[in-house]
Structures are given as C-alpha cells and as structure tokens.
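The values are calculated or read from the model by the stated rules, or taken from the named source; none is laboratory data. These figures come from a predicted structure and were not determined experimentally. Cβ placement follows ideal geometry from the backbone for every residue including glycine, while neighbour counts extend to all protein chains displayed. Areas reflect the complete protein model, heavy atoms only, side chains present, ligands, DNA and RNA absent. Shrake-Rupley method; radii C 1.70, N 1.55, O 1.52, S 1.80 Å.
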Amino acid sequence: MEQQRNEATERLLSRQGHPNLVYNEENGGVGVGDEGLVTVSNFTSILGLSTLTAACITFGFGCAIGYSSPTQSSIMEDMGLSVAEFSLFGSILSIGSLIGAAISGKITDLFGRKMTMWILNLFYIGGWLAIAFTKAPSLLNLGRLSLGFTNGISNYLASIYVAEITTKNVRGRFTIIVQLLTGWGASFMFVVGSFVHWRTLALLATIPGLLQLLLLFFIPESPQWLAKVGREKELEAALLCLRGDKADISHEATEIKDYVESLKSFSSEGILDIFQKQYVRPLLTVAGVLVLMNLGGINALAYYSGAIFVSAGVSSMVGLITVAATQTVIGILGATLIDKLGRRPLLLVSSAGLCFSSFLTGVSFFLKDFNWWDQGSPIVAFIGVLMYMGSYALGGVLPLLLLSELFPINVKGSAGSICNLMGNFTGWLVAYYFNFLIEWSSTGTFFIFSAFSFANFILTATMVPETKGRTVEEIRASITHSSD
C-alpha cells in the first residue's frame, strides 16, 4: 500500500510539471534530489505559532484543574464553606465539563476549530473573573462551572486541531507537547498558589486566555475542516501557511480533498453513524480507556492533592512543588519518546504506573491507620503520589490523541462528544465523592483506584492499536479490516 501511494504521488507531481519531484517519506513531504528542494516541512513558524495557540487552551485547562488543590483551606475559610460545599466547588468543574463534552464534537464541526477557540475564551476569561471578584458561593460555583464548560470542549479541541495541522511524522510529538501544557498549568497553580491569595491566583489564570486571543489573529483554520465544508481555496492557503510559502502542497491538498469526499459518499454525519460496525471497536476502546483512567482517580489527585499530602503527613507546599517538577520532567520525556516508541507502549507503561502508585499510596495509609512505621508511611505516600502524577503525565494525553487518529472526520465529532461525555461523567463522580470516600477509608479508596488502573492496563494490552507513523487512511483501513 505504501509503495502504491508513493508511486501515485510521483505520477501526480509529474503531471503537474514537476518531473523531478519525489515523495520524501523521511521528511514527511515532497522533495527533489539533485536540483534543489521543494519540500513540505514538518515544522514552520506558523505551525509553531498554531501549536502555541492550542497550547494556551491546554495550559488554561490545567490551571482550572489545579486551582482547587492549593486554595482549598483559604477558600473554605474566607467564604465559610463546609467540606460538602467545597466538594461541590471542586467537582462542579466536572459538571461543566460534562455539558461541554456533550457538544464538543458537534460545536467544533459546526463553527470550525478556530472560531470555537474564540467562543471558549469568553467562557474561560469570564469564569476566572467571576471567581476572582465573587462575594457569594453561588458566583464562585458559577465561575467554576463556566471553566468546566470550557474544559469539556477545549481538551478535545486542542488535540484535534494539532493532529489536523501536523504531518504524520510529528503528529504524536506535537500533540503530547500541547497536552503537556495541561500538567504545566496545574503545576503553575500548585506552585504559585502556595504563595499568593486565591483571588490573585484566579486573575493570573486569565493570562493564557488573553494570550490566545492575540494569537488567534495569526493562525489558519484546520485544513481538514476547510475541506469538509467545501472551502477549497482556503484549504490550500491554510496548507501553504502551515508548510511554507515555497512548499508544494498539491499532494497533501489532493489527499485531504479525496479523503473527505470519499467519506461523504457513505455517511450523512448523523450521530448514529458512529455506531456502525467499523467504528464500534475504536469507540469502545477510546471510551473505555478514558472512563477507566478517570475512575483510576486522576481528578481526585489533581483537585485535592494538597489535602492528600496533609492527611498523609507530608507538607502540602513541598508536595505540590515536587509534583509540578515531576510532571514537567516526565511530560518532556513522553514527548521525546512518543514518535519513537509509539502510543501503545507509553499507554501501557502509564497504566501500570498508575496501578502501582495507587496501590503504594493505599499501603501508606494502611500503615498510618495501624500506626505501623510512622516515620516511613509519609515517605511511601509521597513517593506514591509523585509516581501517580508522573505516570499520568506520561500517558494521560494518549486517549485524546487516539481519538483524533482512530476516527475519520465524518464521525470524529460524534465520537468526541460520546467519549468526552463518558470520561467527564466518571471524572465528576470521582471528584465529588472523593472527600467522602477518604472519610470512609483512605486505604480502600486508593486500592479501588489501583484496581481500575489495572483494568485499564488489560484493556490497553488487548484493544489499543498502534498508530505511530501511519496516515489516517491507513489507520482506518486496519480498523475496518479487523472488524470484518
């Protein structure tokens, strides 16, 4: 198949008056040998700027997730909130995410990737301003609900946009770099939130939204979305912008248009299309990984890690700052390895790490409950939480990357809405009930998280395909073949 595709590309270029041009697989584009180079580059300044714009979304996503952890005690004191009321404040982010996730795929398909970013910024900046200037718990919750709505769409949107503007050789690396900013956003909240007032922290969190508003004036729309809505001239202009003014984008433009046109012949874009036989396996796989990862406790540790450290006998400030450093280092490592080792191996390592670290944290609380090894149990808890956050930084983005790679554009919106909805619903369950579960049994809670992470490891080992270095057409063909 690959040889036929390359030969077809060379014939296409020859017909267009470029007899010396050949398809350059290593470069991810088109080039010539002896008389110069006309190439579709893997990286240009506009591609970098577009990726930075998407990164602003995910950095803001991380800010919203990490905000409640360092501010819990001060908000409860200033606003007079009970544990139940703060649990509502923490978990209402997931309720907003549920609402956003339910329409994430359709709204990005309807308005386009770029326009959706404009819309989300209104909710993002408005949500933080509501929190910063609130005088009543109701406005506090409304602001967090608005941030949750933004998160429900933006996490999906950033992965989809980056996957659609990059070449296959760097798609994984760019996507995980963008999602790495989620961890950095949370880390920013952890570190800065340890030193500034919670209202000031909310104002600082508006910075990525304001920066993105500026960058949106300079980036192109997704070429795949432009092809889907029939704006072919804008499609070619967007590709030239992303690949370089001197690049020959004829092959890529033709491939995108032919691919989108072929999808129209058998799909009317209804929500039920996603339940066709060829999509059932990838839908169950991605939704299952997202659900099990959320049931494995990521929202609990992201929202309440400061309180977890305190209950385990570890300094909250030291713990949160160390978590921030760990997420950064492991996230960079994941970005380096993803296009070398592949998605599946990293997801397996991540799931195994989440399973073991949750179990280790549960053991630390077990030792603490029975007053066994009083000096060592806080160290075990500290190591367990660090391993957990590091494991998530390594593979937490991969389900969304798989979502962008496994589904063609005609059903990607429906798949995104369903998978995001299921993931955010289970995330809300964990976030809301975590404080009550901890009161029931800290040990039992983390053992439950470990069991769900183990189930995720089994699902990944048996169901998740490898998509590294493969085009959307090749991935879809393999999935269709396996479902026959």
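A few remarks follow.
- In nm, spacing of pseudo-spin labels at residue 341 and residue 196 (7 Å Cα→C-beta vector): 3.5
- Enclosed volume per residue, in Å³, of the convex hull spanned by Cα atoms of the chain: 135
- Amide H contacts under 5 Å for residue 248, placed H, 5+ residues apart: 39, 40
- Shown are 328, 116, whose ranking by accessible area with a 1.4 Å probe and every protein chain present, most to least, is 328, 116.
- Binned Cα-Cα distance frequencies in the range 360-414 - 10 Å width, integer %: 23, 27, 18, 15, 12, 4
- The C-alpha atoms of the chain define a longest principal axis, and helix 298-311 lies at about 30 degrees to it.
- Under the simplified labelling scheme, the residue 370-residue 278 pair shows an inter-label distance of 5.6 nm, with each label point 7 Å from Cα along Cα→Cβ.
- Under the Karplus curve 6.51 cos²θ - 1.76 cosθ + 1.60, θ = phi - 60°, whole-Hz ³J(HN,Hα) for the range 351-360, x wherever Gly or Pro sits: 5, 5, x, 4, 5, 5, 5, 5, 4, 5
- Phi to ³J(HN,Hα) by Karplus 6.51 cos²θ - 1.76 cosθ + 1.60 over the range 245-257, Hz, x for Gly, Pro: 4, 9, 6, 8, 9, 4, 5, 5, 5, 5, 4, 5, 5
- Simple spin-label estimate for residue 321 and residue 233 in nanometres, 7 Å along Cα-Cβ: 5.8
- Within the shell of other residues whose beta carbon sits under 15 angstrom from the beta carbon of residue 444, the net charge comes to -1, with Lys and Arg scored +1 and Asp and Glu -1.
- Trypsin sites (Lys or Arg not before Pro) lying in DSSP loop within the range 175-250, provided at most 14 other Cβ fall within 10 Å: 246
- Surface accessible to a 1.4 Å probe, residue 118 within the full protein complex, Å²: 70
- In the range 98-169, trypsin sites (Lys or Arg not before Pro) in a DSSP loop with at most 15 other beta-carbon atoms within 10 Å: 135
- Taking θ as phi - 60° and the Karplus parameters 6.51, -1.76 and 1.60, the scalar couplings of the range 389-403 work out to 5, x, 5, 5, 4, 6, x, x, 7, 4, x, 6, 5, 4, 4 Hz in sequence order, x denoting glycine and proline.
- Take the Cα of residue 461, go 7 Å toward its beta carbon, and the backbone nitrogen atoms of the range 320-350 under 20 Å from that spot belong to 342-350.
- Helix 171-192 vs. the chain, principal-axis angle (Cα, 0 to 90°, nearest 10): 20
- Computed on protein heavy atoms with a 1.4 Å probe, the accessible areas place 197, 251 in the order 197, 251, largest first.
- Note: relative contact order over the chain, using C-alpha pairs below 8 Å and six or more positions apart, is 23 percent.
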